[in-house]
Amino acid sequence: MTLSLFLTQALNGVQFGVMLFLMAAGLTLVFGIMNLVNLAHGSLYMMGAYFLAALVPVTGNFFVAAVLAVAASLALGIVVELIALRTLYRRDHLDQVLCTFGLILFFNEIVRMIWGATALFVQPPPILSGFVQLLPGVIYPVYRLTIMGVGLAVAIFLYWLNGHTRLGMLIRAGASNRAMVGALGVNITLLYTLVFGLGAALAGLAGVMAGPILSVQSGMGDSILILTFVVIVIGGIGSIRGALVASILVGVVDTVGRVFLPLVLGAVFSPATSSKVGPAIASMSIYILMAAILFFRPQGLFPAHR
Amino acid sequence: MLTNRRFVAVASFLVLLALVPLLARFVGGEAFWIKFATRVMIYAIAAVSLDLILGFGGMVSFGHAAFLGVGAYAVGILSAEGIANGFVQWPVAILASALIAAAIGAISLMTRGVYFIMITLAFSQMLYFLGVSLTAYGGDDGMRLANRSRFPGLIDLSGDVTFFYVVLAILIGALVAGHRLVNSRFGMVIQGCRSNERRMRAIGFPTFRYKLAAFVISGVMCGIAGALLANLTAFVSPSEMHWTRSGEIMVMVIMGGMGSLFGPVLGAAGLLVLEEILSSHTQHWQAILGPILVLLVLFAKRGLFGLIDGKSAEKPAGLTGHG
């Protein structure tokens, strides 16, 4: 219980936040532009992790497998969009929720049929599996630092894509008035498919990076999906900037809260009480945070301009 | 509200349901059928409660299983603390679900549309994790109750058949209450909010309070279903609050026909029977159920109840986010 522990946990929180950001960015893009609530986003994350687990033994190289897994997630996202989700854009949110809920059941079971019910494990590549000393007494896994780096790169890429490219311009235009963009001669259907594919690839990337940290198993996308919802509700639906801020916030509060809340409570209450109450409050902390933020800002921290 | 054909359908379904304990004796596997039918009715109560706010109020709550859990845990925790008296357990279950529904509703109803969906989902997930972290009460594994709620001097619930009829009576009570509620002035205001909340406000209705009241009523009804569920299996676990359970209850409402009171009952029966059939054929039944749900949403929005008289159920408007 020292400064070094605190720093390590804070870094873990940031790293978790980065993973959440990759998920939230895709989800918020898809919602902001197509007005689609996609619960199956967590399934794409899970499929990314499974693709990695399946491809590492085949290719023998983590990085090749990772690239292929992200590409496979992209392809899968596009297929799902073409088959099922495309018809949902004009339906109400309830239809979207139910339909994508059905997709979750399907994907969770499919991976169990193909890869079995037991969890798979992926080793991080040797070059990233060591530790690095950040400060005296603070050592940190290279792999987790890499995740942060990738997340940062994706954030910069999205900023560039959204604000400084023709595609980004079309995406923003499509978000504010899809009929007008279509009337101006843009193939809006293709644009939607591309955006959905981008979101799927980001979710797949998050899954790929989670593979070596977590166990790869059926249903792994569900818990992160709910957290992603919390993130984009806090950040403001449709806002990538909001997603970034909120995901780091949620990541840090969740991780640090889990470690330190029982300790803090232990200093005030008896050990028996704190060991009972601590984990309960810690697991609720981000939802309390969300409720508090929504109480003051019902549209989230950075409401998208719509 | 009910056409003749619908009335006949509802009446014959309820009569058939009431005869389940007798019929089961001929078919064999009596204990299984009675328990299964009881489970269907309990989920039907939960689905009816969701339909009150979803179908009639246009509030897409994706966290309704939370109240199922609250009701179940109220019974479970009291039972674990040695209070098996149903005269204490059930009122506590009702009170607890009312309070929690009021708290969740007060925050969630400040938002609209997709925010509302996600917030109700997040709150139910919060309660799920709370249940998981209650290690004193079984934590992740759940806990077993010593016995069903005791109502000394009134009724003995320990027999499955007695319990079946008590649940049937509560289901009918819930349907009657729901019918009266929906057709009352209060129900009209709620349905008005679904169609156009801004207009209702302009007329002078404090819509937030009306919607919150509807949310609490719905939460209480679902809490009662939770208390019954704990009694049925004499078992309480966080999995009753898991978000997939909320999804299932929602599917029951849609499958049966949203915006009709009896539809959710058919939906509950339909989904549970479908699950039972599929799972007896393959352990990977969810891989089949999932696509069925997708097709259902895409092509059969009217639900089972809509099929009965061939007439399109009134499509509830205003679910898209104007709330």
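The values are calculated or read from the model by the stated rules, or taken from the named source; none is laboratory data. Because the structure is a prediction, the values reported are computed rather than measured. Cβ coordinates were reconstructed from backbone atoms using ideal geometry, including for glycine residues, and neighbour counts include every protein chain displayed.
Quick notes on this structure:
- Of all the residues in the stretch A:201-224, those that are at pLDDT 90 or above and in contact with a His (Cβ under 9 Å, 6 or more places away or on another chain) number 1.
- If you go through the stretch B:281-292 and pick out every residue that is among the β-branched types (Val, Ile, Thr), in a helix (DSSP H, G or I) and surrounded by fewer than 14 Cβ atoms within 10 Å (Cβ to Cβ), you end up with 0.
- Unique match (being surrounded by 17 or more Cβ atoms within 10 Å (Cβ to Cβ), in contact (Cβ under 8 Å) with a residue 60 or more places away in the chain and either among the charged types (D, E, K, R) or under 16 Å from residue A:49 (Cβ atoms) (or both)) among A:244, A:225: A:225
- Residue satisfying condition, being of a type in the set (A, V, I, L, M, F, W, C), surrounded by fewer than 24 Cβ atoms within 10 Å (Cβ to Cβ), out of contact with any helix residue (DSSP H, G or I) (no Cβ under 7 Å at 6 or more places or on another chain) and in a helix (DSSP H, G or I), within set B:278, B:232, B:272, B:295: B:295
- The single condition among (1) within 14 Å of another protein chain (Cβ to nearest Cβ); (2) touching a helix residue (DSSP H, G or I) at 6+ places or on another chain (Cβ under 8 Å) that residue A:182 does not meet is (1).
- Of all residues assigned to the stretch A:251-259, none qualifies as being closer than 26 Å to residue A:43 by Cα and surrounded by fewer than 17 Cβ atoms within 10 Å (Cβ to Cβ).
- Filter result for the condition that a residue is free of Cβ contacts under 8 Å to residues at least 24 places away in the same chain and of a type outside the set (Gly, Ala, Ser), over A:216, A:277: A:277
- The stretch B:120-131 residues that are facing chain A (nearest Cβ under 7 Å), paired with ones that are outside any helix (DSSP H, G or I) and modelled with pLDDT of 85 or more (beta carbon under 6 Å, 6 or more apart): B:121/B:62; B:121/B:63; B:123/B:63
- Which numbered condition residue B:91 misses (of (1) assigned to a loop (DSSP other than H, G, I, E, B); (2) more than 30 Å from residue A:235 (Cα to Cα); (3) not polar (S, T, N, Q)): (1)
- Residue count for the stretch B:253-274 under the criterion of being within 11 Å of chain A (Cβ to nearest Cβ) and not β-branched (Val, Ile, Thr): the result is 2.
- Just one of (1) in a helix (DSSP H, G or I); (2) out of contact with any Asp or Glu (no Cβ under 9 Å at 6 or more places or on another chain) fails for residue A:132. It is (1).
- Residue within the stretch B:78-97 that is on the phi < 0 side of the Ramachandran plot, within 14 Å of another protein chain (Cβ to nearest Cβ), aliphatic (A, V, I, L, M) and under 17 Å from the mean Cα position of the chain (by Cα) present: no
- Residues in the stretch A:255-306 that are under 23 Å from residue B:100 (Cα atoms) and among the basic types (Lys, Arg): A:276, A:297.
- Considering (1) over 28 Å from residue A:142 (Cα atoms); (2) at the interface with another protein chain (Cβ under 10 Å from one of its Cβ atoms); (3) in a helix (DSSP H, G or I), the lone condition that residue A:293 does not fulfil carries the number (2).
- Just so you know, in the stretch B:51-78 the residues that are small (Gly, Ala, Ser) and part of a loop (DSSP other than H, G, I, E, B) include one that is surrounded by the most Cβ atoms within 10 Å (Cβ to Cβ), and it is B:61.
- Residue within the stretch A:289-299 that is of a type outside the set (A, V, I, L, M, F, W, C) and touching a helix residue (DSSP H, G or I) at 6+ places or on another chain (Cβ under 6 Å) present: no
- The C-beta contact set for the stretch A:178-204 (first residue within 21 Å of residue A:83 (Cα to Cα), second residue at pLDDT below 85 and among the basic types (Lys, Arg), distance under 7 angstrom, 6+ apart or interchain) comprises A:188/A:178.
- Residue A:149 of a type in the set (Gly, Ala, Ser) and either touching a helix residue (DSSP H, G or I) at 6+ places or on another chain (Cβ under 8 Å) or in contact (Cβ under 8 Å) with a residue 12 or more places away in the chain (or both): no
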